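The values are calculated or read from the model by the stated rules, or taken from the named source; none is laboratory data. None of these values were measured; they are calculated from a predicted model. Counting neighbours? That spans all protein chains shown, and the Cβs are built from the backbone with ideal geometry, glycine included. Protein only, heavy atoms only, side chains kept; ligands, DNA and RNA dropped before computing areas. Shrake-Rupley method; radii C 1.70, N 1.55, O 1.52, S 1.80 Å.
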Amino acid sequence: MRSRGADDGERDLEVPVSEEGLLDGAGARRGRRGPRPAGQATISRVAEAAGVSRATVSRVMNGSPTVNPELAARVRAAAEALDYEPSAAARRLALGRTGAVALVVPDLSNPLFQSVLRGLSQAAGKAGRQLLVAESDEDPEEEVILALEARRNADGLVLASPRAPDERLRALGERLAPFVLVYREVPGLDAPSLSIDNAAGIGEVVAHLTGLGHRRLVYLAGPPGSAGNAERLAALRAVPGAVPGVELAVLACGSMFGHGHAAAARVVECGASAVVAFNDMVASGVLTGLRELGVRVPGEVSVTGFDDIPFARYTTPPLTTVSIPQNELGRQAWERLRALMSGEGGGYNVCYRPRLLVRGSTGPAPG
């Protein structure tokens with residue numbers, strides 16, 4: 001039993017009650033399950049040493065400000081003397097937090113998302129947070145299921161390039177909060193976003209290629225559910241009307257190396273002198289496929305990518321591509337998520353302007 005004071009109460013009259021039972025005459029602790037192994041620090045032993053209840057020890061270990069300072073000091077001294085380490089799982093349960101954040105991506109094999117994962121993981125790890133990762137395999141419905149499940153098991157969520165439609169994300173907003181969008185901005189959604197100015201990136205690619213004399217372009221389109229693909233395609237479709245003499249062909253493709261490799265023959269058939277690939281993985285596949293077909297790059301066909309993944313500079317020839325701040329996006333996603341989880345605002349939306357890196361895969365138009 002215990003007396004209560006004005007500040008939560010526990011005073012020096014507390015009598016600890018624990019599951020171990022009473023001390024016998026020799027001072028050994030006995031319970032119905034036999035003697036307790038010596039030297040094993042438990043919350044009950046800390047409570048006994050400090051002369052308080054287990055509930056008080058729990059509140060002190062969880063940082064509660066309602067415990068009398070003198071009692072709190074006694075508990076901490078007893079815990080240190082006994083080398084007591086509180087259970088992390090029990091502490092998270094008591095505080096109603098998991099200690100984890102989650103990341104959902106369309107495809108973990110894509111180095112673009114691996115870079116975001118690295119930036120987010122490093123930043124969250126420094127703050128003592130675990131990171132849960134899930135992959136939707138480009139399936140919008142699976143993505144929604146994974147996002148809801150991940151949010152139930154984490155204190156916050158990062159959605160990287162989500163494939164779900166805008167209206168679906170808006171409808172799920174309250175259930176997923178707090179969360180942050182990366183590579184996507186959804187109007188009317190109350191969640192901070194970190195996106196890329198795809199139109200600006202495509203504009204630089206087109207200016208570079210037309211400046212080299214290319215007039216027949218082909219776009220190898222990405223996944224249909226990708227908002228980035230839709231924005232890049234819209235920017236490209238506006239080119240023929242803005243640049244005299246330019247023709248554009250669009251080929252359904254995908255997002256991975258194999259998709260680009262399989263498209264190489266169709267690129268040759270359509271007669272384009274320059275390829276604008278959805279991303280660097282597709283562009284790398286096209287480079288390999290064209291080389292196998294005996295097509296010289298950039299002598300006969302120029303190839304451009306998007307993202308500047310780590311090995312883009314090591315392809316043969318090195319890939320001309322659009323560079324975006326992948327690791328920085330991961331770090332910034334953590335900063336905004338941390339603020340949301342702390343009850344602060346997530347900050348303003350950011351749209352990064354990418355920059356063109358000209359390498360050996362582009363050259364003057366043939367003939």
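Tabulated results
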{"read-out": "Max mean-square fluctuation residue, GNM over the chain, Cα-Cα springs under 10 Å, options V104, V286, V246", "value": "V246"}
{"read-out": "Per residue accessible area in Å² of the chain, where ligands, DNA and RNA are left out and the probe is 1.4 Å", "value": "47 Å²"}
{"read-out": "Most mobile of L287, L176, L251 in a GNM of the chain (Cα contacts under 10 Å)", "value": "L251"}
{"read-out": "Neighbourhood charge, 14 Å Cβ-Cβ cut-off, centred on G188 and excluding it, Lys, Arg +1 and Asp, Glu -1", "value": "-2"}
{"read-out": "For region 188-336: relative contact order, % (alpha-carbon pairs under 8 angstrom, 6 or more apart)", "value": "22 percent"}
{"read-out": "Nearest-ten-degree value, helix 227-237 long axis tilted from longest Cα axis of the chain", "value": "20 degrees"}
{"read-out": "Residue with peak Gaussian network fluctuation, the chain [Cα springs, cutoff 10 Å], from A265, A235, A49", "value": "A49"}
{"read-out": "Cβ-based net charge around L329, under 12 Å, with every Lys or Arg adding one and every Asp or Glu removing one", "value": "+1"}
{"read-out": "The chain: Rg to Rh, with Rh as the Kirkwood radius over Cα pairs", "value": "1.22"}
{"read-out": "Cβ-derived FRET efficiency at R0 22 Å, E344 paired with N153, nearest 0.05", "value": "0.45"}
{"read-out": "Protein accessible area in the chain, 1.4 Å probe - carbon and sulfur %", "value": "53 percent"}
{"read-out": "FRET E, pair V268, V133, Förster distance 41 Å, beta-carbon r, rounded to 0.05", "value": "0.60"}
{"read-out": "On Cα atoms only, tilt of 140-152 relative to the major axis of the chain in degrees", "value": "20 degrees"}
{"read-out": "Computed FRET value (nearest 0.05) for F311 with E167, which takes r as the C-beta separation and R₀ as 30 Å", "value": "0.20"}
